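Below: the structure, in structure tokens.
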Amino acid sequence: MKKLFFFGVTLLIATFAMAQAPTVSVSKAIFEYCETTEGDTILEVDPLQFPLTFCGYNFTNYGTKVDTKVNARGCDSIVSYIVRQAPGEVNGEFSVSATVRVKFAHGNLRYRASDNTWGFAIHQYDYLGNGGNNLSLSPTSSSWLDMFGYGTSGYGGHSPCNASTSYQDYPHEININNTQYDWGVRNAMYNGGNQANQWRTLTKSEWEYLLSSGRTNATQKRSLATVSGVYGLVILPDNFTWPISFSWSPTTSSYGTNVFTLAQWNAMEKNGAVFLPACGYRNGTERLDTSTGCYWSSSYKDQDDSYYVSFNTSDGLKAGNDRFVYRALSVRLVKNVQ
């Protein structure tokens, strides 16, 4: 068995010898594991397709497709595809309480209004900023959106495209944890297992335990950083092995101290590291504070405000900030380790 990396995605490649099979173009093939011949190439990914049963395997929808050929031999055709090692998750485990460990999604939450599709960014460092549907917020847009008001999972009429600046138009005075207002509880993630109730948002106390107050050496396992030119926050798992010749300064308040190339980040991610890009936040249809990271928790403070994590170079990291529920922030979902 051979592992191949493509844009931070782990591919499982195994040698499977057989005579040359006829070429068949299959554009909607999704594979969890399949056997290929060494030397095949993968050039481009389109991350939204559909499930397929092929060659005696039942493959689940991890949302993957490749435009060029990867030769899957052993059946009666050659099929284009790409595989993801796990459905939407980073492989590192993170303690968020004395008894609960989680794995993070491999990218920030995204929503496409035109077909009501939820999923994750392809890479941990991806974000839309002023692009996509972040500012226009059209309920029929075919572009992705990745900033959300508190509890805007679509439940109770609370649309992820809501641009109101009144707290009364959002869930308020409610902890959305384990409710249908939580994006990951209500919605299936097309590239994260494709079933509802697989993911969730961390609570305020869980964020605090993870980043500051609970897990062993918490403050030594996170820092502001730059990954492939993107500002953000790196969080290391409970058990992390540094790749050879890496430099790390924990708890730094500068994006310029820990600077990692894409190749370096891929090696860190392979060992379970998480990266939260600094995306800013949206107020109505205006994006603000663009070098700050703002990530929702599932806990509320009062009728106007809910808790979130923030980080930037002036204030450092704050795991228990509060902000108006109508401010649209980033979301990074997790799943419990069973």
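Where a number appears in this text, it was derived from the coordinates with a stated rule and is not lab data. All values derive from a computational prediction rather than experimental measurement. Positions of Cβ are generated from backbone atoms using ideal geometry, with glycine treated the same way; all protein chains shown enter the neighbour counts.
Sorted by packing (mean other beta-carbon atoms within 10 Å per residue), highest first, where do 324-331, 190-197 land? List each step's numbers first, then the result.
Working: 324-331: 23.8, 190-197: 19.8.
Ranked from most to least packed, the peptides come out as 324-331, 190-197.
Which of the pairs LYS103/LYS301; LYS221/LYS335; LYS270/LYS318; LYS221/LYS301; LYS103/LYS221 have their Cα atoms more than 22 Å apart in this structure? Show your work: numbers first, answer last.
On the way: LYS103/LYS301 26 Å; LYS221/LYS335 20 Å; LYS270/LYS318 27 Å; LYS221/LYS301 27 Å; LYS103/LYS221 15 Å.
Pairs exceeding 22 Å: LYS103/LYS301; LYS270/LYS318; LYS221/LYS301.
Cut-off is 10 Å between beta-carbons; in what order do SER254, SER153, SER95 appear when sorted fewest neighbours first?
SER254, SER95, SER153
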